[in-house]
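The values are calculated or read from the model by the stated rules, or taken from the named source; none is laboratory data. Everything numeric in this text was worked out from a predicted model, so none of it was measured. We place every Cβ from the backbone using ideal geometry, glycine too, and count neighbours over all the protein chains shown. SASA here: full protein model, heavy atoms, side chains in, ligands and nucleic acids out. Shrake-Rupley method; radii C 1.70, N 1.55, O 1.52, S 1.80 Å.
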Amino acid sequence: MAKMLLEMGQSHLFEHWPEPGTEDDEKRAFFDQVAKLDASYPGGLISYIKTARELLADSKAGRNPFDGFTPSVPSGESLTFGDDNFVQFEEAGVREMKNAAFILVAGGLGERLGYNGIKVALPQESSSETCFLQHYIESILALQEASCKLVQGGCQRQIPFVIMTSDDTHARTLELLESNAYFGMSPTQVKLLKQEKVACLADNDGRLAVDPKNKYTIQTKPHGHGDVHSLLYSSGLLNIWRDAGMRWVLFFQDTNGLLFKAIPASLGVSATKQYHVNSLAVPRKAKEAIGGIAKLTHADGRTMVINVEYNQLDPLLRATVNPDGDVNCETGYSPFPGNINQLILELGPYIEELTKTGGAIKEFVNPKYTDATKSSFKSSTRLECMMQDYPQTLPPTARVGFTVMDIWLAYAPVKNNPEDAAKVPKGNPYHSATSGEMAIYRANSLILKKAGVKVEDPVLQVFNGQEVEVWSRVTWKPKWGLTFIDVKNKVSGSMVTCHLEAQMGTYFHRR
Ligand code: UGB
């Protein structure tokens, strides 16, 4: 390991080491860490440092990873909640659900949210105080039951649920599950895969950063949610699922309380259209901090349908098709659908691809330079990768599509703290706990309204400096109503009214 580090230009790591025989335990701990960093990265530290040098040189030169590509708006499926098409996709999705596995990426700490705990332990709304993880598990169990019921004679399939954790979230996620009896799921059905952090980089030469508090420790930071692919591949779970006759892998993020309202229909789209990759998307406001899904065509003829992160979309558009960059079109939205990082992959082609790549995802580096010479960093940086970059290596024959849903139905993540949310320009989403909670009541109210329930109009109120629509505070368990037709059947023929009780909550009357 020492020889490898020296050959890779890392002699600074040993600069302040005392004579042999002094602090030997600390030196051994250093090599234990080096061995761990080496083993947990595809191709080891040599490969990590080489890639880092290349990407740092590109970043210094200002090269855009999409240089040579021209973006255009790709084609996909656009759904309208509650119409016949939507209902058919929901039915198809529920039928397929027994052949799916769910993967939650929950290794992020949520620094922007300013919360010290794990995000999946937060209540998604304050009426029932159900936490995100409980809601996700209850949704998967309800889908499992509904899907198995459609099989003649029933079925015993348990939908696998994998949670990717990190050192920051692992112990607390396990604790949350164990202290709540896995929220009703069988413990064998849940699998935690922990992602490892990667070494930090101190400069443009790819020198590894020493922890300022301990000269025997290399500083590390998270590598991004793209790790999920290599972890799944090396876990061996994918082959087990394939052998059990499963067909789909659904990936989702940690704090979107609306997501499961969009899942049945989007899986229905995957199954009907035979998409190898289906990204769930919503109409996106120009410059909104979510990636845009674009078709990229290279001068040499290569094409791919891929998420372009918001900070890259604007310069790419300016350099190619639109000097104004990332702007809204006549619909009031960006022509590029917004990626909400809910991916549905078909298992067979996914395994085929990972067998070639080992699950390695194209990385990027985002150093914050001290000045325009770009010769030093404000603080150490590291390589990162994103799970939505998976399609980048796919062959042109791959069927890559997307499904656009109404925002109110599908997307209300909790990412920003109240102070930052209050500063969001008017008209753009807050993505805060306040807006996340209100979005759940609004979606439930709108679904009930579409199902024929009389629902009072919302009022505007300001909480934590954010103006939000307050609808009837209606919540229900996933088991009560998974799809639009479920809800419609539950409320039809009964006289149901939702009242807003000024600021106090809501009464949901059923007579
Ligand atoms: N996550 C991990 O599991 N491991 C990690 O190392 C990092 C994160 P953020 P961000 O939802 O609108 C994503 O930090 O930067 C998990 C997409 O890239 O919330 O907002 C973490 O626990 C972007 O295209 O991501 O960006 C969480 O569950 C857009 O879709 C998830 O990864 C955006 O999300 C996302 O982490 C969005």
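Summed over region 395-442, the residues that are touching a helix residue (DSSP H, G or I) at 6+ places or on another chain (Cβ under 8 Å), part of a helix (DSSP H, G or I) and away from the ligand (no atom under 14 Å from the Cβ) give a count of 5. Note on region 206-235: among residues that are among the β-branched types (Val, Ile, Thr) and more than 16 Å from the ligand (Cβ to nearest atom), the one that is farthest from residue 38 (Cα to Cα) is 210.
Which of the residues that make up region 145-154 are open to solvent by less than 40 Å² (accessible area, probe 1.4 Å) and either modelled with pLDDT under 95 or touching a Pro at 6+ places or on another chain (Cβ under 6 Å) (or both)? Of everything in region 145-154, just one residue is open to solvent by less than 40 Å² (accessible area, probe 1.4 Å) and either modelled with pLDDT under 95 or touching a Pro at 6+ places or on another chain (Cβ under 6 Å) (or both), namely 154. Number of residues in region 427-447 that are in contact with a Ser or Thr (Cβ under 8 Å, 6 or more places away or on another chain) and open to solvent by less than 20 Å² (accessible area, probe 1.4 Å) equals 5. Here residue 58 clears all of (1) modelled with pLDDT under 95; (2) in a loop (DSSP other than H, G, I, E, B) except the condition numbered (2). If you go through region 23-55 and keep only what is under 27 Å from the mean Cα position of the chain (by Cα) and part of a loop (DSSP other than H, G, I, E, B), you end up with 40, 41, 42, 43.
Within region 8-19, not a single residue is surrounded by 14 or more Cβ atoms within 10 Å (Cβ to Cβ), more than 19 Å from residue 200 (Cβ to Cβ) and out of contact with any Lys or Arg (no Cβ under 8 Å at 6 or more places or on another chain). Would you check if there is a residue in region 159-176 being loosely packed, with under 15 Cβ neighbours inside 10 Å and among the small types (Gly, Ala, Ser)? Yes, some residue in region 159-176 is loosely packed, with under 15 Cβ neighbours inside 10 Å and among the small types (Gly, Ala, Ser). Taking the criterion of being within 16 Å of the ligand (Cβ to nearest atom), in a helix (DSSP H, G or I) and among the β-branched types (Val, Ile, Thr), the only residue of region 141-191 that qualifies is 173. Only a single item in (1) in a helix (DSSP H, G or I); (2) within 16 Å of the ligand (Cβ to nearest atom); (3) out of contact with any strand residue (DSSP E or B) (no Cβ under 9 Å at 6 or more places or on another chain) is not met by residue 115, and it is number (1).
Hey, can you tell me all the residues within region 100-144 that are at positive phi and buried (at least 20 other Cβ atoms within 10 Å of the Cβ)? Result: 110, single match. Do we have residue 69 as surrounded by 14 or more Cβ atoms within 10 Å (Cβ to Cβ), more than 23 Å from residue 249 (Cα to Cα) and in contact (Cβ under 8 Å) with a residue 60 or more places away in the chain here? Yes; evaluated as a whole, the condition is true for this residue.
Counting only residues that are more than 17 Å from the chain's Cα centre (by Cα), away from the ligand (no atom under 16 Å from the Cβ) and surrounded by fewer than 24 Cβ atoms within 10 Å (Cβ to Cβ), give me the strands (runs of 3 or more DSSP E) lying completely in region 251-363 with at least 1 of them.
292-298, 303-308, 334-346
Inspect region 31-47 for any residue being among the acidic types (Asp, Glu), farther than 27 Å from residue 231 by Cα and either modelled with pLDDT of 95 or more or in contact with a Ser or Thr (Cβ under 9 Å, 6 or more places away or on another chain) (or both) and give the result as yes or no. Spell out the reasoning first.
The initial filter retains those residues of region 31-47 that are among the acidic types (Asp, Glu), namely 32, 38.
Narrowing the set further to residues that are farther than 27 Å from residue 231 by Cα leaves none.
No: region 31-47 contains no residue that is among the acidic types (Asp, Glu), farther than 27 Å from residue 231 by Cα and either modelled with pLDDT of 95 or more or in contact with a Ser or Thr (Cβ under 9 Å, 6 or more places away or on another chain) (or both).
Contact map, region 225-253: first residue under 24 Å from residue 266 (Cβ atoms) and touching a residue at least 24 places away in the same chain (Cβ under 8 Å), second residue open to solvent by 50 Å² or more (accessible area, probe 1.4 Å) and not in a loop (DSSP other than H, G, I, E, B), Cβ cut-off under 7 Å, separation 6 or more or different chains; pairs are 237/191.
The single condition among (1) closer than 21 Å to residue 221 by Cβ; (2) within 16 Å of the ligand (Cβ to nearest atom); (3) open to solvent by 10 Å² or more (accessible area, probe 1.4 Å) that residue 200 does not satisfy is (3).
Residues in region 72-94 that are open to solvent by less than 20 Å² (accessible area, probe 1.4 Å) and in contact with a strand residue (DSSP E or B) (Cβ under 6 Å, 6 or more places away or on another chain): 74 alone. Residue-level check: of (1) open to solvent by less than 50 Å² (accessible area, probe 1.4 Å); (2) more than 15 Å from the ligand (Cβ to nearest atom); (3) outside any helix (DSSP H, G or I); (4) not polar (S, T, N, Q), residue 238 misses just (3).
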